[in-house]
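Below is one structure, written out as structure tokens; comments come after it.
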Amino acid sequence: MNKKMLKQAQQFQKDMVKMQAELETATIEATAGGGAIKAIVNGKMRLESIEIDPAVITQDDVEILQDLVIAVVNEGMDKAQELASNKMSSLTGGLNIPGLI
């Protein structure tokens, strides 16, 4: 490996560490039911919190509430995955490298 390639590989590694640190501190908010339910997901795709407006909690609407919770968590996870993919794409110049996100 020549010096230029080695330098590029070292820079890529530094950029990867920086990107991972940014993802660890990133938070993504998702809402469902017109804002009745809000989920916060971090850049590592872990659910950090969920808020449910008490007005949507009734015995008759348990199934709707369950559906809304699933929808908001999935939306948060999708947004977190999109953020990670965008950061990786900017780092790799759009190349699809297997095993990297």
request  = Determine which single condition residue 78 fails, assuming it passes every other condition in (1) within 14 Å of the chain's Cα centre (by Cα); (2) modelled with pLDDT under 90.
outcome  = (2)
ask   = Within the range 12-35, restricting attention to residues that are under 10 Å from the mean Cα position of the chain (by Cα) and not aliphatic (A, V, I, L, M), which residue is nearest to residue 92 (Cα to Cα)?
value = 24
ask   = What is the residue count in the range 36-45 for residues that are under 8 Å from the mean Cα position of the chain (by Cα) and over 17 Å from residue 19 (Cβ atoms)?
value = 1
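The values are calculated or read from the model by the stated rules, or taken from the named source; none is laboratory data. Everything numeric here is computed off the predicted structure, so don't read it as measured data. A quick note on method: Cβ atoms are made from the backbone with ideal geometry, for glycine too, and the neighbour counts reach across all protein chains shown.
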